[in-house]
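Visitor: Dropping the structure in here first, questions after.
The values are calculated or read from the model by the stated rules, or taken from the named source; none is laboratory data. As the structure is a prediction and not an experimental result, all values here were calculated from the model. In this analysis, Cβ positions are derived from the backbone assuming ideal geometry, glycine residues included, and neighbour counts consider all displayed protein chains. Ligands, DNA and RNA are stripped out before the accessible areas are found, and what is left, the full protein with its side chains, is counted by its heavy atoms. Shrake-Rupley method; radii C 1.70, N 1.55, O 1.52, S 1.80 Å.
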Amino acid sequence: EPENAARTAAVCLPHDWLSWRLAGHGPGSGSEGLKELATDRSDASGTGYWSASKGYLTEVLEATLGHVPVLPEVLGPLEFRKDLEGRIIGAGAGDNAGAGLGVGAAEGDVVVSVGTSGTVFAVSGSPTSDASGLVAGFADATGNYLPLVCTLNATLVLDATARLLDVDHSEFARLALSAPAGADGLILVPYFSGERTPNLPDATGSLHGLTLDNYTPANVARAAVEGVVCSLADGLQALTDAGVVARRVILVGGGARSEALREIVSAVFGLPVSVPSPGEYVADGAARQAAGALHGALPDWRTSGVELVDSAPTPEVLTRYREVARRTSGN
């Protein structure tokens, strides 16, 4: 749409536009009003035309729009705008950056969010670069960096397996934990919806290693949980390959309520897992940022009801999964 591209005066993200309107700007503000647009590092780093290490990549915009439009000022973690009456409007943040801020993730922490999709991201003191495209080089909401990997298949795989076994989530978790690590050789590759990490959009899920002895409800349940967790562990491997140092896992999302998932994440990842009580951690991160903008420093709020899980490592489960997944993907 070259004509619309030529007419584009400014480019911003939804929360940038909302903050701009809250500050009292809008249609009719003119070019001076557009200069009041602001954004934050975390959402800017997801645009493709702002680099956490280099700033705006104007050549990208020049190549796509034909010119460089007005771009929002990228605010630091504690910087803010004010509305026409002097009220403070914080910089805002992307959802994952907000969640990291909400749980108090620090350098060396890896946040694993298990919901409809799975997300693995880490707080890093230096930017990452991954030419394969598996790791997205986001920035966080504190001034650090937030390399991130996303998988497509998480709790929906567990939901589907629980329906197949005709059990509720509590019984499903009990079944999974009643089976031995490795599910007696049963391995589920959970690419039910294709996959983006690895990049296999047309892949399907598959169950391997079936025998008359191991084809039991408990082993099927265990294989489903281990398959999802091993897929997330591949995400963590992509992060460590990009230079991330992982010391602890913080497990959040709807899937974190499953005892089976909590124990198996710790065992497969080979790391202690911290599980905060269920909460709206993105909103908590926004509140923490607002408090920081008001007072000049981020408050040291502690998450409540944290459960610590430190299962015996089961590296053999991940090794066998990777062998099967590699054959399945044809790599």
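Visitor: Output the residues belonging to segment 286-309 that are polar (S, T, N, Q) and either open to solvent by 60 Å² or more (accessible area, probe 1.4 Å) or part of a helix (DSSP H, G or I) (or both).
Guide: Correct list: Gln289, Ser304.
Visitor: Looking at Thr211, Thr204, Thr216, Thr151 in this structure, which one is closer than 30 Å to Arg41 by Cα, of a type outside the set (Lys, Arg) and surrounded by fewer than 23 Cβ atoms within 10 Å (Cβ to Cβ)?
Guide: Thr151
Visitor: Go through segment 12-35 residue by residue and tally those that are surrounded by 17 or more Cβ atoms within 10 Å (Cβ to Cβ) and not in a helix (DSSP H, G or I).
Guide: Final tally of qualifying residues: 4.
Visitor: Sticking with this one: Would you tally the residues in segment 208-232 being under 18 Å from Leu152 (Cα atoms) and either outside any helix (DSSP H, G or I) or of a type outside the set (Ser, Thr, Tyr) (or both)?
Guide: Within segment 208-232, the subset under 18 Å from Leu152 (Cα atoms) is 223-232.
Remaining after also requiring either outside any helix (DSSP H, G or I) or of a type outside the set (Ser, Thr, Tyr) (or both): 223-230, 232.
Residues in segment 208-232 being under 18 Å from Leu152 (Cα atoms) and either outside any helix (DSSP H, G or I) or of a type outside the set (Ser, Thr, Tyr) (or both): 9 in total.
Visitor: OK, next. The conditions are (1) touching a residue at least 12 places away in the same chain (Cβ under 8 Å); (2) open to solvent by less than 80 Å² (accessible area, probe 1.4 Å); (3) out of contact with any strand residue (DSSP E or B) (no Cβ under 6 Å at 6 or more places or on another chain); (4) farther than 24 Å from Asn144 by Cα, and Ala283 fails exactly one of them. Which is it?
Guide: Single failed check for Ala283: (4).
Visitor: Scan segment 217-235 and give yes if some residue there is of a type in the set (S, T, N, Q) and within 30 Å of Glu79 (Cβ to Cβ), otherwise no.
Guide: No, the conditions are met nowhere in segment 217-235.
Visitor: Examine segment 270-278 for a residue that is part of a loop (DSSP other than H, G, I, E, B), in contact with a helix residue (DSSP H, G or I) (Cβ under 9 Å, 6 or more places away or on another chain) and without any contact (Cβ under 8 Å) to a residue 12 or more places away in the chain, and state whether such a residue exists.
Guide: No, segment 270-278 contains no residue that is part of a loop (DSSP other than H, G, I, E, B), in contact with a helix residue (DSSP H, G or I) (Cβ under 9 Å, 6 or more places away or on another chain) and without any contact (Cβ under 8 Å) to a residue 12 or more places away in the chain.
Visitor: Next up: Test each condition in (1) within 30 Å of Val189 (Cβ to Cβ); (2) touching a Phe, Trp or Tyr at 6+ places or on another chain (Cβ under 9 Å); (3) among the hydroxyl-bearing types (Ser, Thr, Tyr) for Tyr321 and report the one that comes out false.
Guide: (2)
Visitor: If you don't mind, another one. Restricting attention to segment 310-331, which residues are in a helix (DSSP H, G or I) and without any contact (Cβ under 8 Å) to a residue 40 or more places away in the chain?
Guide: Pass one, segment 310-331, residues in a helix (DSSP H, G or I): 315-329.
Answer for segment 310-331, where residues must be in a helix (DSSP H, G or I) and without any contact (Cβ under 8 Å) to a residue 40 or more places away in the chain: Thr319, Glu323, Arg326, Arg327.
Visitor: What is the one condition in (1) surrounded by 18 or more Cβ atoms within 10 Å (Cβ to Cβ); (2) over 21 Å from Phe269 (Cβ atoms) that Asp184 does not satisfy?
Guide: Exception for Asp184: condition (1).
Visitor: Return yes when Ala131 is of a type in the set (A, V, I, L, M) and closer than 29 Å to Ala297 by Cα and no when it is not.
Guide: No, not satisfied.
Visitor: When Arg41 is evaluated against the numbered criteria (1) at pLDDT below 95; (2) open to solvent by less than 40 Å² (accessible area, probe 1.4 Å), which criterion, by number, is the only one it fails?
Guide: (1)
Visitor: Given (1) under 21 Å from Gly115 (Cβ atoms); (2) at pLDDT 95 or above, identify the lone condition not met by Pro198.
Guide: Evaluating Pro198 over (1) under 21 Å from Gly115 (Cβ atoms); (2) at pLDDT 95 or above leaves (2) as the failure.
Visitor: So, one more: Select, from Ser126, Ser132, Ser113, the only residue that is open to solvent by less than 40 Å² (accessible area, probe 1.4 Å) and either out of contact with any Cys (no Cβ under 7 Å at 6 or more places or on another chain) or hydrophobic (A, V, I, L, M, F, W, C) (or both).
Guide: Exactly one residue qualifies, and that residue is Ser113.
Visitor: Mind checking whether some residue in segment 180-190 is at pLDDT 95 or above and either closer than 30 Å to Thr39 by Cα or β-branched (Val, Ile, Thr) (or both)?
Guide: There is at least one residue in segment 180-190 that is at pLDDT 95 or above and either closer than 30 Å to Thr39 by Cα or β-branched (Val, Ile, Thr) (or both).
Visitor: What are the pairs with Cβ atoms under 6 angstrom where one residue, in segment 192-208, is closer than 10 Å to Ser329 by Cα and the other, located anywhere, is open to solvent by less than 40 Å² (accessible area, probe 1.4 Å) and of a type in the set (S, T, N, Q)? Sequence gap at least six, or different chains.
Guide: What qualifies is Leu200/Ser329.
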